[in-house]
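The values are calculated or read from the model by the stated rules, or taken from the named source; none is laboratory data. Being a predicted model, the structure only gives us computed values, none of them experimental. Methodologically, a virtual Cβ is constructed for each residue, glycine included, from the backbone with ideal geometry; neighbour enumeration extends over all protein chains shown.
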Amino acid sequence: MADAEDIQDAARFHVGVAHRSEPFFLKGCEHLDWGIKNRLANIFDPTSGRTVMLAFDHGYFQGPTSGLERIDLDIVPLARYADTLMLTRGILRTSIPPSYNRGIVLRATGGPSILKELSNEEIAISIEEAIRLNAAAMAVQVYIGGEYETKSIHNLTRLVDAGNRYGIATLAVTAVGREMTRDARYIRLATRICAELGATYVKTYYVPGFETVTAACPVPIVIAGGKKQPELDALTMAYNAVQQGASGVDMGRNIFQADNPAAMIQAVRKVVHDNATPQEAFDLLQQLKG
Ligand code: R5P
């Protein structure tokens with residue numbers, strides 16, 4: 001009898017079977033601790049490895065932006081289609097139901113309004129506050145080549161230090177000043193600097209030659225939507241970006257200023273998560289609108 005029990009025990013312990021350890025799905029993030037990986041898995045979808053971030057933090061420097069006048073009425077209904085929300089702590093506390101259970105990306109720098117020099121930002125949140133609000137990531141604006149370049153880089157590195165201490169990711173947002181040429185050379189420079197200085201992931205703009213930007217950046221990149229464009233153009237930009245190595249989009253105006261934001265975000269998801277072509281996603285958009 002004793003012998004038979006030993007055999008059963010050996011079977012349960014799977015002696016001789018190597019311990020399984022799933023590789024983490026995000027580029028450049030394998031070395032991170034469990035907590036930060038868990039938070040990242042609440043921003044990026046582990047199945048596609050990509051994200052549709054719904055960005056509506058614009059009010060932190062430009063007040064009630066068109067489409068964001070009533071976040072409670074116009075944005076909250078879209079939250080179910082987003083992989084994560086990018087917003088300020090004021091809007092999170094006042095307008096987002098705490099039952100929202102995906103990652104929160106908190107705007108963590110600010111200061112000047114559109115009436116002033118925008119690049120002169122400071123860190124605008126403490127790490128304790130980010131933890132209290134259950135942030136998955138903190139977003140910091142970085143102005144490479146701007147008047148306050150060094151200050152914005154210091155904001156990034158301070159937040160990276162604080163975030164790494166507690167397992168919260170840092171999203172570096174490359175802001176392109178009016179005096180900068182928005183081309184692959186500049187975007188490669190800006191994104192690579194952010195990654196080198198510790199950003200967990202980087203948000204930037206889609207430009208021709210984008211595959212060289214993603215190739216040269218050792219952490220995930222998501223693209224900003226930018227100004228409102230015709231829907232097919234915005235879907236094409238998202239498609240080109242993910243096909244050229246982006247890990248998703250952080251899209252605001254092209255969703256919340258669309259004539260049917262709920263349909264548009266679902267069409268964007270089709271491109272990002274299902275590799276749908278822009279035309280397939282546009283057809284879905286028309287169908288949902290109908
Ligand atoms: C801009 O500074 C904000 O951080 C926005 O979140 C970002 O630009 C993405 O929004 P949009 O797609 O409207 O450009």
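Residues to consider are ALA169, ALA139, ALA195; find the one that is touching a helix residue (DSSP H, G or I) at 6+ places or on another chain (Cβ under 8 Å) and crowded, with 16+ Cβ neighbours inside 10 Å.
On the way: ALA139 fails: touching a helix residue (DSSP H, G or I) at 6+ places or on another chain (Cβ under 8 Å); ALA195 fails: touching a helix residue (DSSP H, G or I) at 6+ places or on another chain (Cβ under 8 Å).
From the options ALA169, ALA139, ALA195, the qualifying one is ALA169.
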* **helices (runs of 4 or more DSSP H) contained in the stretch 22-125 and holding at least 1 residues surrounded by fewer than 20 Cβ atoms within 10 Å (Cβ to Cβ), touching a Pro at 6+ places or on another chain (Cβ under 6 Å) and modelled with pLDDT of 95 or more** => none
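For the stretch 172-200, which residues satisfy the criterion of being of a type in the set (A, V, I, L, M, F, W, C) and more than 16 Å from the ligand (Cβ to nearest atom)? So that I can check it myself, show each step before the final result.
Taking the stretch 172-200 first, the residues of a type in the set (A, V, I, L, M, F, W, C) are 172-173, 175-176, 180, 184, 187, 189-190, 193-195, 197, 199.
Correct list: ALA184, LEU189, ILE193, ALA195, LEU197.
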* Structure fact -> Reported set for the stretch 134-171 where residues are in contact with a Gly (Cβ under 8 Å, 6 or more places away or on another chain) and on the phi > 0 side of the Ramachandran plot is GLY145, GLY167
* Asked: Just a yes or no: is a residue in the stretch 226-249 within 14 Å of the ligand (Cβ to nearest atom), of a type in the set (A, V, I, L, M) and within 26 Å of GLU147 (Cβ to Cβ)?
  -> no
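It is to be established whether one or more residues within the stretch 101-112 are of a type in the set (S, T, N, Q) and without any contact (Cβ under 8 Å) to a residue 60 or more places away in the chain.
Going through the stretch 101-112, the residues of a type in the set (S, T, N, Q) turn out to be 101, 109.
Subsequent filtering for residues that are without any contact (Cβ under 8 Å) to a residue 60 or more places away in the chain retains 101, 109.
Within the stretch 101-112 (the criterion being of a type in the set (S, T, N, Q) and without any contact (Cβ under 8 Å) to a residue 60 or more places away in the chain), the answer is yes, since at least one residue qualifies.
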